[in-house]
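All remarks here apply to the structure that follows.
The values are calculated or read from the model by the stated rules, or taken from the named source; none is laboratory data. Please read all numbers here as calculations on a predicted model, not as lab measurements. Note that each Cβ is placed from the backbone with ideal geometry, even for glycine, and that neighbours are counted across all protein chains shown. Only protein heavy atoms, including side chains, enter the accessible area calculation; ligands, DNA and RNA are left aside. Shrake-Rupley method; radii C 1.70, N 1.55, O 1.52, S 1.80 Å.
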Amino acid sequence: WIVAGQSREMQESMKSLQFALLLAVFLVYVIMASTFESLVHPLVILFSVPLAAVGCIGGLWLAGAPVSVVVLIGIIVLAGVVVNNAIVLVDTINRQRTPDRTLEQAILQAGVMRLRPILITTATTVLGLLPLALGLGAGAEVQAPLAITVIGGLVSSTLLTLVVIPVVYWALSGGWRSVLGESEGDLAP
């Protein structure tokens, strides 16, 4: 007995899309590393990608949609989209870091400054994909799992990014040293 036909094609498609996802994440990292001129800050930003998985799984479970090639395409789209909020947040933190401001003050100020734009960007994307997720229009039922994946992943990533990314940035920038009473030899932007 061998697996053949559509099942084999599906397995090959899944492997190809998994490779495409890894390649997308790697390319996003390389572009951010060259832009930020740092190897650590892009890692902080990439922490937002796994946060999207929470919403993807939850959204697909609520909708009763199976994992398919269309869902994997949605996950690849998410790899590029969810990092935007983290990029904006980390870049603002870097710009807020001055000699007269502590790391914690810079993180809090950046969070206050970027909260509204991050929420508005997420809301417009979610509202734009809502008709597709609801299956409205001709052929939309085929693309609905893609929209559900992107919506769920984007919502969870946005909400978790607002908390997790500042904490990871703080930890990787040496903020834990101030808690221990050591001097702040952190990673300057």
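Per-structure values
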item	result
Hey, Ile165 open to solvent by less than 40 Å² (accessible area, probe 1.4 Å), within 18 Å of Ala63 (Cβ to Cβ) and either among the hydrophobic types (A, V, I, L, M, F, W, C) or over 19 Å from the mean Cα position of the chain (by Cα) (or both) or not	no
Gly80 being farther than 17 Å from Thr121 by Cα and of a type outside the set (A, V, I, L, M)	no
Pairs, first closer than 14 Å to Thr158 by Cβ in segment 38-57, second surrounded by fewer than 23 Cβ atoms within 10 Å (Cβ to Cβ) and acidic (Asp, Glu), C-beta under 7 Å, six or more apart	none
Among (1) assigned to a loop (DSSP other than H, G, I, E, B); (2) surrounded by 15 or more Cβ atoms within 10 Å (Cβ to Cβ) - the single one Pro99 does not satisfy	(2)
Leu115 being assigned to a helix (DSSP H, G or I) and more than 29 Å from Trp170 (Cα to Cα)	no
Subset of segment 61-90 [open to solvent by 60 Å² or more (accessible area, probe 1.4 Å), within 22 Å of Thr158 (Cβ to Cβ) and not aliphatic (A, V, I, L, M)]	Trp61, Asn84
Single residue of segment 146-161 satisfying the filter (over 11 Å from the mean Cα position of the chain (by Cα) and open to solvent by 20 Å² or more (accessible area, probe 1.4 Å)) that is modelled with the lowest pLDDT	Leu146
